[in-house]
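Only one structure is covered here, and it is reproduced in the block below.
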Amino acid sequence: MAYVNTNFTKVSESYLFVEVARRIRSYQEQHPDAKIIKMGIGDVTRPIVPAVIDALHKAVDEMATAEGFHGYGPEQGYAFLRDTISNFDFKSRGLDIEPDEIFVSDGAKSDCGNIGDILGVQNVIAVTDPVYPVYVDTNVMGGRAGEWDGVRFNRICYMPCTMENGFVPSLPTEHVDVIYLCFPNNPTGTTLTKNQLKVWVEYALKEKAIILFDAAYEAFITEDDVPHSIFEIEGARQCAIEFRSFSKTAGFTGLRCGYTVVPKDLVAYTEDGKAVALNKLWNRRQSTKFNGTPYIVQRAAEAVYSPEGRAQIMENIAYYRENAKLMKETFESIGIPAFGGVNSPYVWIKTPLDSWTFFDRLLDECRVVGTPGVGFGPSGQNYFRLTAFATHEATKEAMDRIKNWKL
Ligand code: PLP
């Protein structure tokens, strides 16, 4: 008899987007002529920029030649990309991150999930609430979450982020071992300042905890006091891992590339207190379970850092940012508090109704779709997420409908 990993049976059904899709389908069947504008899913829509496409074409052509063919590459990523990342994302900001601390992957989702492989099952996990569901679900799969009590998993420490605390989580009152922080945040679109992040680094150092810092939306940062990397904070090399992604930065949601920084100073402990370097363990994990990001994709990622590439991707980001600004202003103009949108493609709205009732009314009365905040965690109740990834035209049309909405 083969036994199942019962941890997987505890993961809640991916109810959120399935239910959103079901409600849209049902509405569309009843209103076949309704022009629905979708601002729910966090996927980009602008095409990949020319500098990246040129690099992809060039790499594809190389693969057709005996000299330029690339088979299995280094599991950690090619030196050309690790060096470029180290220089542009870190050294240019005065941060000491070496190429061998950078692990190129097929995206931040895999890394956020897989990192649990090298962390003990006994760790107590803390997440902000609302939260990117991957952090919770992968810890359920890893056996660290405890039991579902109908609202929460009872071994996970949920740290509410709401209007009342300015979306800044408070330090846990009981000891935790691993803390997921995502800033700029999905779903709230809010950020921490350097001083606010410093509090977390100090906590982690004191508790010998590890911060898993997800900076997938780093490219959207506009404000000076918002850190682009947790390694801007002194001491973070001893307590943090950082995840980055080319998905939202450069439209790689379909191409797939990201990277994870595991500093060589970072350790976790055995039960008898022996320190083990995580850079080595992650290297071992990746070498065994991952066979590298495609050469052509890594060449494409390298082109993101070229002068043309950077200028072109910033144009796309500015395009989404303009949408976010309009969305935020529109909700504020009708008296609905709206957050995020300044350093992020997400606008988080405080709804006067519960999240799902707001969803239904917005769909029925404005034919606009977003994501109910409660789907991201219990503290997301009475909130709603809209994404800035639609076209200018669709965003403007949606906001015109909302401006005239009698809620
Ligand atoms: N981290 C956060 C917070 C995200 O919102 C997303 C995607 O929506 C990801 C990671 C996934 O990034 P990738 O496309 O690199 O897997």
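The values are calculated or read from the model by the stated rules, or taken from the named source; none is laboratory data. Source: prediction; values computed, not measured. In this analysis, Cβ positions are derived from the backbone assuming ideal geometry, glycine residues included, and neighbour counts consider all displayed protein chains.
Against the list (1) crowded, with 17+ Cβ neighbours inside 10 Å; (2) closer than 29 Å to Ala390 by Cβ; (3) more than 16 Å from the ligand (Cβ to nearest atom), the condition Val44 fails is (3). Within region 252-266, residues that are touching a residue at least 40 places away in the same chain (Cβ under 8 Å) have Cβ atoms under 6 Å from residues that are more than 10 Å from the ligand (Cβ to nearest atom) and part of a loop (DSSP other than H, G, I, E, B) in these pairs: Cys257/Thr293; Val261/Ile97, counting only partners at least 6 apart in sequence or on another chain. Here Val136 fits the description: part of a helix (DSSP H, G or I), buried (at least 21 other Cβ atoms within 10 Å of the Cβ) and within 14 Å of the ligand (Cβ to nearest atom).
Scanning region 110-133 for residues that are surrounded by fewer than 23 Cβ atoms within 10 Å (Cβ to Cβ) and acidic (Asp, Glu) yields Asp117, Asp129. Residue count for region 188-209 under the criterion of being small (Gly, Ala, Ser) and within 16 Å of the ligand (Cβ to nearest atom): the result is 1. The strands (runs of 3 or more DSSP E) located wholly in region 333-407 that include 2 or more residues which are under 23 Å from Glu13 (Cα atoms) occupy 383-387. Give region 326-367 a look and list any residue that's charged (D, E, K, R), free of Cβ contacts under 8 Å to residues at least 60 places away in the same chain and closer than 21 Å to Thr162 by Cβ, or say none. Correct list: Lys328, Glu332, Asp354. Checked against the criterion of being within 16 Å of the ligand (Cβ to nearest atom) and in a helix (DSSP H, G or I), region 139-156 has at least one qualifying residue. Looking across region 109-146, just one residue is of a type in the set (Lys, Arg) and more than 25 Å from Thr371 (Cβ to Cβ), and that is Arg144. Evaluated against (1) within 16 Å of the ligand (Cβ to nearest atom); (2) not in a loop (DSSP other than H, G, I, E, B), Asn185 falls short on exactly one condition, (2). Among the residues of region 96-124, write down those that are within 16 Å of the ligand (Cβ to nearest atom) and either among the hydrophobic types (A, V, I, L, M, F, W, C) or not assigned by TED's automatic domain parsing to the domain that holds Gly143 (or both). Listed by number, the residues that qualify are Ile102, Phe103, Val104, Ala108, Cys112, Ile115.
Summed over region 94-130, residues that are touching a Ser or Thr at 6+ places or on another chain (Cβ under 7 Å) and either over 21 Å from Met159 (Cα atoms) or acidic (Asp, Glu) (or both) total 13. Being touching a helix residue (DSSP H, G or I) at 6+ places or on another chain (Cβ under 9 Å), in a helix (DSSP H, G or I), at pLDDT 95 or above and surrounded by 23 or more Cβ atoms within 10 Å (Cβ to Cβ) is true of Phe231. Annotation: of all residues in region 210-226 being within 18 Å of Tyr305 (Cα to Cα) and not aromatic (Phe, Trp, Tyr), the one that is farthest from the ligand (Cβ to nearest atom) is Ile221.
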